[in-house]
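Beneath this line is the structure, given in structure tokens, with notes to follow.
The values are calculated or read from the model by the stated rules, or taken from the named source; none is laboratory data. The model shown is predicted, which means the values in this text are computed figures rather than measured ones. Cβ sites come from the backbone with ideal geometry, for glycine too, and all protein chains shown count toward neighbours.
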Amino acid sequence: MLPTAQSCPRPSSTLARFHLSDTLTPNAPTTLIEVAQQAGVSPSTVSRILNGTAKVSDEKRRAVLDAIAKMNFAPNPMAQALKKGKSMTIGIVVQDIASPFFDETLHGIDQALNGTGYASVIVSGHWNAAEEIDRIRLLLARKVDGIILLSGRITDESVLQFSKHKPIVSTGRALQTERALGFKIDNEYGARLATQHLIELGHRHIAFITGPANHTDADERLSGYKKALAEAGIAYNPKIVVDGDFHENSGLRATTHLLETKQKFTAIFAANDLCAYGARLSLYRKGIRVPEDISLIGFDDLPSSAYTTPPLTTVRQPLCDIGRIAAQALLHLINGDAVETSIPPLELVVRETTKRLKN
């Protein structure tokens with residue numbers, strides 16, 4: 001069974017959140033030099049014994065191990081990583097750091113990194129190719145070990161070029177090289193699921209609120225909507241297809257436009273849940289009941305979609321799983337291991353905003 005967005009486990013965060021109090025311990029940690037002094041050997045000897053390369057007498061080895069136990073010495077994992085040429089950080093490029101869509105994906109990344117010793121540096125590209133390129137260059141300058149690019153506008157060629165410097169995993173695109181991996185959900189299939197659900201409930205006049213122009217996910221969802229209509233023998237009506245941008249306000253504006261221009265529709269398919277929230281508000285302000293008067297369906301299944309009034313019918317994409325899989329894949333690429341990924345399929349989640357149309 002697919003995990004719901006709400007059931008995604010959320011471990012203590014590894015997403016680069018540091019506090020001053022973390023460094024204010026009463027007793028400073030034991031250093032390698034102090035262990036060497038206690039054992040009567042050089043610091044380099046202690047280091048070689050720790051990494052297993054030392055050729056020393058049993059007496060010296062015993063003295064070092066006794067000093068380590070007595071002084072409760074723990075090697076600094078960051079220092080060890082730096083010696084191996086690693087920073088133990090990964091860069092994450094999101095498009096809207098305030099979006100609940102990306103927040104849920106970040107929780108999946110957090111889940112995968114928990115216990116690995118890796119922390120993350122998060123930057124935002126704001127759906128702007130030039131800004132994404134600038135942010136990736138910034139992350140590379142900070143010596144991250146790899147980068148996760150969550151969606152975005154930059155080309156596949158740019159991703160491959162950056163992967164020559166550090167491994168990259170990107171969502172929303174199909175890539176497969178030794179240093180770059182991309183995977184995406186089937187947006188067209190998900191949109192067909194949503195539209196077919198409304199058609200099966202008897203709806204023939206289904207309005208569609210699009211995503212932003214020239215956005216791959218949005219284009220594919222519009223294509224899925226059109227294909228489902230064509231398969232059912234329903235004519236495509238451009239007058240009830242209204243521009244949106246994946247934000248609540250655009251769903252509000254689009255639905256208000258449909259109502260004020262007196263378009264004929266009995267259901268709305270919003271290209272994502274946030275647009276559906278805006279659509280719901282517009283209908284509420286006009287005194288239109290959901291689903292008694294108008295059925296409404298979204299796409300994503302954000303955690304809050306189960307708590308709208310009424311709870312939103314939507315297409316679930318496994319956001320938490322996508323984040324976890326992306327992080328696990330990146331760790332494999334960093335270590336030079338082979339990567340195999342499998343994304344759980346999209347599924348229709350029927351709640352209370354869709355209803356069979358009365359004849």
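One table, with the values for the structure above:
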{"read-out": "Answer residue from region 291-309, given it is of a type outside the set (S, T, N, Q) and surrounded by 24 or more Cβ atoms within 10 Å (Cβ to Cβ) and is farthest from the chain's Cα centre (by Cα) among those", "value": "294"}
{"read-out": "Selection from region 325-359 of residues that are farther than 22 Å from residue 180 by Cα and aliphatic (A, V, I, L, M)", "value": "346, 348, 349, 350, 357"}
{"read-out": "Scope region 278-289; condition touching a helix residue (DSSP H, G or I) at 6+ places or on another chain (Cβ under 7 Å) and either under 19 Å from residue 215 (Cβ atoms) or among the basic types (Lys, Arg) (or both); matching residues", "value": "278, 279, 286"}
{"read-out": "Exclusive hit being among the hydrophobic types (A, V, I, L, M, F, W, C) and out of contact with any helix residue (DSSP H, G or I) (no Cβ under 8 Å at 6 or more places or on another chain), set 357, 312, 331", "value": "357"}
{"read-out": "Count of residues meeting criterion [of a type outside the set (S, T, N, Q) and not in a helix (DSSP H, G or I)] in region 197-254", "value": "25"}
{"read-out": "Any chance residue 236 is hydroxyl-bearing (Ser, Thr, Tyr), surrounded by fewer than 20 Cβ atoms within 10 Å (Cβ to Cβ), free of Cβ contacts under 8 Å to residues at least 60 places away in the same chain and within 21 Å of residue 190 (Cα to Cα)", "value": "yes"}
{"read-out": "Selection status of residue 262, in the same structural domain as residue 198 (by TED's automatic domain parsing), out of contact with any helix residue (DSSP H, G or I) (no Cβ under 8 Å at 6 or more places or on another chain) and more than 25 Å from residue 99 (Cα to Cα)", "value": "yes"}
{"read-out": "Any hit, region 113-122, residues being among the β-branched types (Val, Ile, Thr), loosely packed, with under 15 Cβ neighbours inside 10 Å and in contact (Cβ under 8 Å) with a residue 24 or more places away in the chain", "value": "yes"}
{"read-out": "Within region 187-217, tally of residues that are touching a Gly at 6+ places or on another chain (Cβ under 8 Å), of a type outside the set (S, T, N, Q) and modelled with pLDDT under 95", "value": "2"}
{"read-out": "Residue list for region 247-262, restricted to those being of a type outside the set (Lys, Arg), more than 21 Å from residue 197 (Cβ to Cβ) and out of contact with any Ser or Thr (no Cβ under 6 Å at 6 or more places or on another chain)", "value": "247, 248, 249, 250, 257, 259, 260, 261"}
{"read-out": "Region 243-279, subset among the aliphatic types (A, V, I, L, M) and surrounded by fewer than 24 Cβ atoms within 10 Å (Cβ to Cβ), residue nearest to residue 319 (Cα to Cα)", "value": "252"}
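Table: residues versus (1) without any contact (Cβ under 8 Å) to a residue 24 or more places away in the chain; (2) under 22 Å from residue 357 (Cβ atoms).
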| residue | (1), (2) |
| --- | --- |
| 257 | yes, no |
| 270 | no, yes |
| 280 | no, yes |
| 300 | no, no |
| 303 | no, no |
| 317 | no, no |
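Residue-wise test of (1) among the β-branched types (Val, Ile, Thr); (2) in a loop (DSSP other than H, G, I, E, B); (3) outside the structural domain of residue 168 (by TED's automatic domain parsing); (4) buried (at least 20 other Cβ atoms within 10 Å of the Cβ).
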| residue | (1), (2), (3), (4) |
| --- | --- |
| 281 | no, no, yes, no |
| 284 | no, no, yes, no |
| 289 | no, yes, yes, no |
| 311 | no, yes, yes, no |
| 329 | no, no, no, yes |
| 332 | no, no, no, no |
| 351 | no, yes, yes, no |
| 356 | no, yes, yes, no |
